[in-house]
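J.: Sharing a structure below in structure tokens format, with a few things to ask.
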Amino acid sequence: MRLKAALVVLLAAGCGGSAGDSPELLPDLVQSPPRALAVYRAGDTWRLAFLSAVENGGRGPMLLVGSRSDESTTAMSVEQLVRRSDGTTATYPVDGEIRFVQSETHRHWHFLDFERYDILTPAGETAGRDQKTGFCLGDRYNAARSIQLPGEPEHPVWTQECGRGQLERLIVREGISPGYGDDYVPRLEGQSIDITALRAGRYVLRHRVNVDRVLRESDYENNGAGVPFELTWSESGTPTVVAVYDG
């Protein structure tokens, strides 16, 4: 009953009702190019670390609600809430999961497969990929302070850190407001790719958000961005990576 009552409160603003003719204020996830590339040693491997960021350039928030019936279920099912121009909200099931992640740098609820990273050869073949567990969506920074987007709140809204340390949670809400972005610094859990077996040469580090299009957006064409980089190895076996911005 607690879960049912809480969901009623969360989704009360028109959820489950008819969409009518009121336009949906869809989010627009914009993938930023990878930045701050660096290499580091991790045990017997060399890894390429980087900063990743996703911004919301749409008219409405990217808003997700995860829920489960009781604590015996480890994964939460996910719904996306889409606001309409008349103030109501549409609710759509999402083909994905929210799980509680415990690691050195994380201990909260993550939406899995929000963003993916890989390394491509000049021919477009995959030469490496990430092993990231998921993401806690939030308003981490103002994407463009000089521009006020329609629907952009004056202050960040999603700052709750996705139920940090609260393994017992039955409901979790997370999102990114219009005009805000969510970034992850280099070497944070999952923010790297193993390059131990890569030969010297030029590659592309690619970041993509909402790869399978399980989340509704106004534009999917800006969901990927990449940066070329040059990989070299010293005689002692130490790698060096330099981002190449001249194309």
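The values are calculated or read from the model by the stated rules, or taken from the named source; none is laboratory data. Because the structure is a prediction, the values reported are computed rather than measured. No Cβ is skipped: glycine too gets one built from the backbone with ideal geometry, and neighbour counts run over all protein chains shown.
J.: Touching a residue at least 60 places away in the same chain (Cβ under 8 Å), in contact with a strand residue (DSSP E or B) (Cβ under 6 Å, 6 or more places away or on another chain) and not hydroxyl-bearing (Ser, Thr, Tyr) - does that describe any residue in the range 145-152?
T.: Filtering the range 145-152 down to residues touching a residue at least 60 places away in the same chain (Cβ under 8 Å) leaves 149-151.
Filter again for in contact with a strand residue (DSSP E or B) (Cβ under 6 Å, 6 or more places away or on another chain), leaving none.
No, the range 145-152 contains no residue that is touching a residue at least 60 places away in the same chain (Cβ under 8 Å), in contact with a strand residue (DSSP E or B) (Cβ under 6 Å, 6 or more places away or on another chain) and not hydroxyl-bearing (Ser, Thr, Tyr).
Matching residues to (1) more than 24 Å from Ala75 (Cα to Cα); (2) of a type in the set (Gly, Ala, Ser):
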| residue | (1), (2) |
| --- | --- |
| Trp109 | no, no |
| Ala127 | yes, yes |
| Asn142 | yes, no |
| Gly151 | yes, yes |
| Pro156 | yes, no |
| Thr159 | no, no |
| Leu188 | no, no |
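J.: Something else now. Can you pull out the residues in the range 166-188 that are within 15 Å of Asp130 (Cβ to Cβ) and either more than 17 Å from the chain's Cα centre (by Cα) or buried (at least 17 other Cβ atoms within 10 Å of the Cβ) (or both)?
T.: Filtering the range 166-188 down to residues within 15 Å of Asp130 (Cβ to Cβ) leaves 184-188.
Within the range 166-188, Tyr184, Pro186, Arg187, Leu188 meet the criteria.
J.: Would you please list the contacts, defined by Cβ atoms under 6 Å and residues six or more apart or on different chains, that run from a residue in the range 116-137 that is at pLDDT 95 or above and crowded, with 17+ Cβ neighbours inside 10 Å to a residue that is hydroxyl-bearing (Ser, Thr, Tyr) and in a loop (DSSP other than H, G, I, E, B)?
T.: Pairs found: Ala127/Thr121.
J.: Taking the criterion of being of a type in the set (Gly, Ala, Ser), in contact (Cβ under 8 Å) with a residue 12 or more places away in the chain, in contact with a strand residue (DSSP E or B) (Cβ under 7 Å, 6 or more places away or on another chain) and under 30 Å from Thr238 (Cα atoms), would at least one residue in the range 29-36 satisfy it? Working first, answer last.
T.: Pass one, the range 29-36, residues of a type in the set (Gly, Ala, Ser): 32, 36.
Of the ones still in play, those that are also in contact (Cβ under 8 Å) with a residue 12 or more places away in the chain are 32, 36.
Pick out the ones that are also in contact with a strand residue (DSSP E or B) (Cβ under 7 Å, 6 or more places away or on another chain) and you get 32, 36.
Add one more test, that the residue is under 30 Å from Thr238 (Cα atoms), and what stays is 32, 36.
Checking the range 29-36: at least one residue is of a type in the set (Gly, Ala, Ser), in contact (Cβ under 8 Å) with a residue 12 or more places away in the chain, in contact with a strand residue (DSSP E or B) (Cβ under 7 Å, 6 or more places away or on another chain) and under 30 Å from Thr238 (Cα atoms).
J.: Another question about this same structure. Within 24 Å of Glu97 (Cβ to Cβ), in contact with a Lys or Arg (Cβ under 9 Å, 6 or more places away or on another chain) and touching a residue at least 12 places away in the same chain (Cβ under 8 Å): does that describe Ser177? Reasoning before the result, please.
T.: Details: within 24 Å of Glu97 (Cβ to Cβ): yes; in contact with a Lys or Arg (Cβ under 9 Å, 6 or more places away or on another chain): no; touching a residue at least 12 places away in the same chain (Cβ under 8 Å): yes.
When the stated conditions are applied, Ser177 does not pass them.
J.: Could you say which residue among Arg173, Arg187, Arg164, Arg199 is part of a loop (DSSP other than H, G, I, E, B), among the basic types (Lys, Arg) and in contact with a Leu (Cβ under 9 Å, 6 or more places away or on another chain)?
T.: Numbers: Arg173 fails: part of a loop (DSSP other than H, G, I, E, B); Arg187 fails: in contact with a Leu (Cβ under 9 Å, 6 or more places away or on another chain); Arg164 fails: in contact with a Leu (Cβ under 9 Å, 6 or more places away or on another chain).
Among Arg173, Arg187, Arg164, Arg199, only Arg199 is part of a loop (DSSP other than H, G, I, E, B), among the basic types (Lys, Arg) and in contact with a Leu (Cβ under 9 Å, 6 or more places away or on another chain).
J.: Would you check which residues across the range 111-151 are over 25 Å from Glu97 (Cα atoms) and charged (D, E, K, R) and list them?
T.: Glu125, Arg145
J.: Criterion first (closer than 20 Å to Leu215 by Cα, touching a Phe, Trp or Tyr at 6+ places or on another chain (Cβ under 6 Å) and not in a strand (DSSP E or B)) does Asp113 satisfy it?
T.: On the way: closer than 20 Å to Leu215 by Cα: yes; touching a Phe, Trp or Tyr at 6+ places or on another chain (Cβ under 6 Å): no; not in a strand (DSSP E or B): yes.
The answer is no for Asp113.
J.: Whether any residue in the range 162-174 is touching a helix residue (DSSP H, G or I) at 6+ places or on another chain (Cβ under 7 Å), hydrophobic (A, V, I, L, M, F, W, C), touching a residue at least 60 places away in the same chain (Cβ under 8 Å) and under 23 Å from Leu63 (Cβ atoms) is what I want to check.
T.: Scanning the range 162-174, I find at least one residue that is touching a helix residue (DSSP H, G or I) at 6+ places or on another chain (Cβ under 7 Å), hydrophobic (A, V, I, L, M, F, W, C), touching a residue at least 60 places away in the same chain (Cβ under 8 Å) and under 23 Å from Leu63 (Cβ atoms), so the answer is yes.
J.: Can I ask one more? What do you reckon, is Ala42 surrounded by fewer than 17 Cβ atoms within 10 Å (Cβ to Cβ), touching a Leu at 6+ places or on another chain (Cβ under 6 Å), of a type outside the set (Lys, Arg) and within 24 Å of Arg199 (Cα to Cα)? I'd like the intermediate steps shown before the answer.
T.: Numbers: surrounded by fewer than 17 Cβ atoms within 10 Å (Cβ to Cβ): yes; touching a Leu at 6+ places or on another chain (Cβ under 6 Å): no; of a type outside the set (Lys, Arg): yes; within 24 Å of Arg199 (Cα to Cα): yes.
Against the criterion (surrounded by fewer than 17 Cβ atoms within 10 Å (Cβ to Cβ), touching a Leu at 6+ places or on another chain (Cβ under 6 Å), of a type outside the set (Lys, Arg) and within 24 Å of Arg199 (Cα to Cα)), Ala42 does not qualify.
J.: Still on this structure, please answer the following. Can you tell me which residue is surrounded by the fewest Cβ atoms within 10 Å (Cβ to Cβ) among those in the range 69-115 that are acidic (Asp, Glu) and in contact with a Leu (Cβ under 8 Å, 6 or more places away or on another chain)?
T.: Of the residues in the range 69-115, the ones acidic (Asp, Glu) are 70-71, 79, 86, 95, 97, 104, 113, 115.
With in contact with a Leu (Cβ under 8 Å, 6 or more places away or on another chain) added as a condition, the list becomes 70-71, 79, 97.
Values: Asp70: 7, Glu71: 10, Glu79: 19, Glu97: 16.
Looking at residues that are acidic (Asp, Glu) and in contact with a Leu (Cβ under 8 Å, 6 or more places away or on another chain), I get Asp70.
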